[in-house]
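Shown next, in structure tokens, is the structure this report addresses.
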């Protein structure tokens, strides 16, 4: 799976945490940002994280390809941790641990 993700233009930081477990792991909140264009998936994720406590998990579902780089940059700039990522067809699933 990792080679397949790498070959699809997905940032290396997401390839490193790529796993189908992103779809099924227990989370504290889920945000459905599918069918929303950039920058709305990231804005919805930020809103969700505001409602979580330190250490809790947020799952974000998105379809916008721009969210791939947006979420990596956001995590890098804010210190949030993308614990799991999964790409399937034209959908993406991010699991972020609030720091």
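The values are calculated or read from the model by the stated rules, or taken from the named source; none is laboratory data. These numbers come from a predicted model, not from an experiment. For neighbour counting, all protein chains shown are included, and Cβ atoms are generated from backbone atoms with ideal geometry for every residue, glycine included.
Here residue 9 meets each of (1) modelled with pLDDT under 95; (2) part of a loop (DSSP other than H, G, I, E, B); (3) touching a strand residue (DSSP E or B) at 6+ places or on another chain (Cβ under 8 Å) with one exception, condition (3). The conditions of being free of Cβ contacts under 8 Å to residues at least 60 places away in the same chain, touching a helix residue (DSSP H, G or I) at 6+ places or on another chain (Cβ under 9 Å) and loosely packed, with under 14 Cβ neighbours inside 10 Å are not met by residue 41. Before we move on, is residue 60 in contact with a strand residue (DSSP E or B) (Cβ under 9 Å, 6 or more places away or on another chain), within 19 Å of residue 10 (Cα to Cα), surrounded by fewer than 20 Cβ atoms within 10 Å (Cβ to Cβ) and touching a residue at least 12 places away in the same chain (Cβ under 8 Å)? Considered against the rule, which asks whether it is in contact with a strand residue (DSSP E or B) (Cβ under 9 Å, 6 or more places away or on another chain), within 19 Å of residue 10 (Cα to Cα), surrounded by fewer than 20 Cβ atoms within 10 Å (Cβ to Cβ) and touching a residue at least 12 places away in the same chain (Cβ under 8 Å), residue 60 comes out as no.
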